[in-house]
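Below is one structure, written out as structure tokens; comments come after it.
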Amino acid sequence: MPGLSYAAAAILNAVRSGHPYGFDIMDAVSLPSGTVYPALRKLEKAGLIRSQWERESLARADQRPARRYYQVTRAGESALGEAAQKYRFPQEAAR
């Protein structure tokens, strides 16, 4: 995925910054689901992130659907480093 768009780079940065699942990422980057979820699929297909579904029992205990958690790969770290040369990301408050 050469030359990440700003939206893709912001999403990748949000994942690296500790926003591991879809709704949390959407809140962090202030983008709609129609932008975030397709970008997550593209980033995963490109090998920049990987994902894993949480255990159903954990989701049931919280009375919500299971979440898919994302993590930045080494290739994603490298791509994000290149994107940081091109884009400025807002500083995040400590979580």
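The figures follow:
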| item | result |
| --- | --- |
| For Asp24, Asp62, order by how many other beta-carbon atoms lie within 10 Å, fewest first | Asp62, Asp24 |
| Å³ per residue enclosed by the Cα convex hull of the range 6-86 | 87 |
| Footprinting exposure proxy for Arg67, Arg55 (fewest neighbouring C-beta atoms within 10 Å first) | Arg55, Arg67 |
| Residue-averaged [θ]222 nm for the chain, counting only DSSP H segments that reach four residues, each worth -39500 (n - 2.57) | -16000 deg cm²/dmol |
| Helix 33-45 vs. the chain, principal-axis angle (Cα, 0 to 90°, nearest 10) | 80 |
| Net dipole in debye of the chain [+1 Lys, Arg Cβ; -1 Asp, Glu Cβ; about Cα centre; nearest 20] | 180 |
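Values quoted throughout were computed directly from the atomic coordinates according to the rules given, and no laboratory measurement underlies them. Because the structure is predicted, anything quoted here is derived from the model rather than measured. Reconstructed Cβ throughout: ideal geometry from the backbone, glycine too, with neighbour counts over all protein chains shown.
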